[in-house]
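Sharing a structure below in structure tokens format, with a few things to ask.
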Protein chains: 2
Amino acid sequence: MKLTQEINHSASDLKSIFETYLFEKAFEEFPYVLLQPAMQIMRMKAKRLRPILLLTACEAFGGNPETALDAASAVEIYHNFTLVHDDIIDKADIRRNESTVHKKYGINKAILAGDAMLIHAQQLINTAAASINNFDLVKTFQKTAMDVIKGEQMDVDFEDLPEVSVEDYLEMSRLKTSVLLAGSLKLGAMIGEASNADLEKIYDFGMNLGLAFQIKDDYLDSFGDQKTFGKKIGGDILQNKKTYLLCVALKKANENTKKEIFNIIEEKDSEKKINEMLAVYEKCDIKEETVKQMETFFNKSMKSLQEVSLVEKKKEHLLQLAESIYQRSF
Amino acid sequence: MKLTQEINHSASDLKSIFETYLFEKAFEEFPYVLLQPAMQIMRMKAKRLRPILLLTACEAFGGNPETALDAASAVEIYHNFTLVHDDIIDKADIRRNESTVHKKYGINKAILAGDAMLIHAQQLINTAAASINNFDLVKTFQKTAMDVIKGEQMDVDFEDLPEVSVEDYLEMSRLKTSVLLAGSLKLGAMIGEASNADLEKIYDFGMNLGLAFQIKDDYLDSFGDQKTFGKKIGGDILQNKKTYLLCVALKKANENTKKEIFNIIEEKDSEKKINEMLAVYEKCDIKEETVKQMETFFNKSMKSLQEVSLVEKKKEHLLQLAESIYQRSF
């Protein structure tokens, strides 16, 4: 399919155009000796959320998504690189019902394949930047990439801390998850030649959407409907994960409740552990506070999108994307 | 010290200027959460060969080395990133009498610190490229960076192969070691605004120098003078490393000698193993052939330097550097 500027592509159109490019073009110059391990993760069924955001933003500002396919490949390959190294760090053997790269090819090959993917992502963004003579595209990508690594390191550090402040939690979540959504949107808008004011707005739109999404993810893990959530309720509690809920609970708790929480963290009986933590959350009104916070971020996200200087019709696809991401229907 | 174009700096001048910049400026925007592990390796005593080559090439072509300090930092930080991930892969606990990054900070932090260093190196090269509006600087850096990873993967793969061809050995050595020397020289020459023809020559100069250096390294490990070589003679033989010597020996050997070599590879007694392999090398004239090959590469390197269109005086420092690298006095 040849893209033309007249057409406003749906997310599923863009996904199919993107995946064709990703597999037929984007890896043409990737080192053969590391192609198999890279493909082990790239070929897994995936939503391609970041490239779709990038291409949608590009088109919203009047750019031709075809000119943004290298940049879209860069963010997707970068994202997958983080998963390859993260799976080593988390000792995760399975991802989407398949072997992770290090499980299948060993840690050494997974480290080097990740390194090659990180370099390749930058090669693609450099190609994209050179074609429009805009060094800021590379700079924005690199800042985003570095923020994600920083967020991952914070997340790793959190595991060894007894307590994490709500501010630190939000900063980690901003860096680890939200900046790459925001950065993808900004890169697409840059290729679409958006104004600096709009670049800021579109970035804030993605950032707040990411935070709303992440907090809702934490919320659903404790209070979701197991059927629609897809994962077992209470997984975060069992893993003693520093979720938004736990950080707020520790902040609000008095000395006694704090002791109670630390006891629950030591609890070995799974069902008892989950029920006791949910009871603490109930007592501290965590459910209401979390809903309020995620709605606040989502509303901020919507406000930023409203402030983007495009006619409503041009924003339609971005709005639909945001809603389906937040509603978990993407 | 303020650099001016009139002065032709010695390698040790450039080293000191470079290290000042590296520690006072280059890490200013590096993520604080990963600064300690990155510094664990960056602060180790080092020759700074690659940045010195880069700065010397820049100055030879009339560039001001001060304008090349970001690029010089990029190649040095990139080189150190490869060491961080390589030490994990090689399970090496000690480097230059100090703990390696993963030994001191754990594998997880070492993976992420390496990733951050790889991104940071690219941020620095992008800054350098943007300041002279030359996307090719980033492209050259990235191609070089990717080649090195490819070479590392080949090296890892070699460990599991019974036999490696001389061609594959040379390709691995070209990628793993030589391209970064060649790439550093080329980047410096690009900043010094060398012509395309000279960029090719300076690249070939570095490439052949790197190959000469690597083959000599293999040679010295078997035939060197233990006092001046610094390492114990025969280390490569004990580790069954696919050196230039072993690859040539396997190529030249008849069926019986080949069997003999594979038996030596299985030998457990260290002294016996070394002596028997040296005897095979003697029988197959490996010593002479290796000397011939390393001299061929060194002469090619010198020829490429001669062909660079600069007056002899401007090439003096590059020539001195090449000789001291080859003579192991750098």
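The values are calculated or read from the model by the stated rules, or taken from the named source; none is laboratory data. All of these numbers come straight from a predicted model, not from anything done at the bench. Positions of Cβ are backbone-derived with ideal geometry, glycine not excepted, and every protein chain shown enters the neighbour counts.
Restricting attention to the range B:93-107, does a residue exist that is under 20 Å from A:Leu118 (Cα atoms) and among the acidic types (Asp, Glu)?
no
For the range B:297-316, enumerate the residues that are under 19 Å from the mean Cα position of the chain (by Cα) and surrounded by 13 or more Cβ atoms within 10 Å (Cβ to Cβ).
B:Phe297, B:Phe298, B:Lys300, B:Ser301, B:Met302, B:Ser304, B:Leu305
Something else about it: When you go through (1) at pLDDT 95 or above; (2) within 30 Å of A:Ala74 (Cα to Cα) one by one for A:Gly230, which number turns out not to apply?
Status for A:Gly230: all satisfied but (1).
Across the range A:83-92, which residue is farthest from the other protein chains (Cβ to nearest Cβ) among those that are part of a helix (DSSP H, G or I) and surrounded by fewer than 23 Cβ atoms within 10 Å (Cβ to Cβ)?
A:Leu83
How many residues are polar (S, T, N, Q) and touching a helix residue (DSSP H, G or I) at 6+ places or on another chain (Cβ under 7 Å) if we restrict to the range B:278-302?
3
Answer yes if at least one residue in the range B:314-330 is under 21 Å from B:Val166 (Cα atoms) and of a type in the set (D, E, K, R), and no otherwise.
No, every residue in the range B:314-330 fails to be under 21 Å from B:Val166 (Cα atoms) and of a type in the set (D, E, K, R).
Per-residue answers, yes or no, for (1) in the same structural domain as A:Asp236 (by TED's automatic domain parsing); (2) of a type in the set (A, V, I, L, M, F, W, C); (3) under 15 Å from A:Asp217 (Cα atoms); (4) in contact (Cβ under 8 Å) with a residue 12 or more places away in the chain:
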| residue | (1), (2), (3), (4) |
| --- | --- |
| A:Glu276 | yes, no, no, yes |
| A:Lys287 | yes, no, yes, yes |
| A:Val291 | yes, yes, yes, yes |
| A:Leu305 | yes, yes, no, yes |
| A:Val311 | yes, yes, no, no |
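State yes or no: is A:Glu24 free of Cβ contacts under 8 Å to residues at least 12 places away in the same chain, surrounded by fewer than 18 Cβ atoms within 10 Å (Cβ to Cβ) and either assigned to a helix (DSSP H, G or I) or more than 14 Å from chain B (Cβ to nearest Cβ) (or both)?
Here the answer is yes, as A:Glu24 does meet what is asked.
Report, by residue number, each residue of the range A:246-262 that is polar (S, T, N, Q) and either crowded, with 17+ Cβ neighbours inside 10 Å or out of contact with any helix residue (DSSP H, G or I) (no Cβ under 8 Å at 6 or more places or on another chain) (or both).
Scanning the range A:246-262 gives A:Asn254, A:Asn256.
Yes or no, residue by residue, for (1) assigned to a helix (DSSP H, G or I); (2) away from chain B (no Cβ under 14 Å); (3) buried (at least 19 other Cβ atoms within 10 Å of the Cβ):
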| position | (1), (2), (3) |
| --- | --- |
| A:Asp13 | yes, yes, no |
| A:Pro37 | yes, no, yes |
| A:Ile41 | yes, yes, yes |
| A:Leu53 | yes, yes, yes |
| A:Ala57 | yes, yes, yes |
| A:Gly62 | no, yes, no |
| A:Glu66 | yes, yes, no |
| A:Ala74 | yes, no, yes |
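Also, I was wondering about something else. For the range A:92-100, does any single residue satisfy the condition of being among the β-branched types (Val, Ile, Thr) and closer than 23 Å to A:Phe213 by Cα?
Scanning the range A:92-100, I find no residue that is among the β-branched types (Val, Ile, Thr) and closer than 23 Å to A:Phe213 by Cα, so the answer is no.
Considering each residue of the range B:268-291, count those that are over 17 Å from B:Ile215 (Cα atoms), acidic (Asp, Glu) and surrounded by 15 or more Cβ atoms within 10 Å (Cβ to Cβ), and give that number.
Going through the range B:268-291 one residue at a time, the tally reaches 1.
Additional query: Can you spot a residue in the range A:314-327 that is within 16 Å of A:Gln214 (Cα to Cα) and not in a helix (DSSP H, G or I)?
Within the range A:314-327 (the criterion being within 16 Å of A:Gln214 (Cα to Cα) and not in a helix (DSSP H, G or I)), the answer is yes, since at least one residue qualifies.
Would you be able to tell me the number of residues in the range A:317-330 that are within 19 Å of A:Phe61 (Cβ to Cβ) and crowded, with 19+ Cβ neighbours inside 10 Å?
Looking only at that region, the number is 4.
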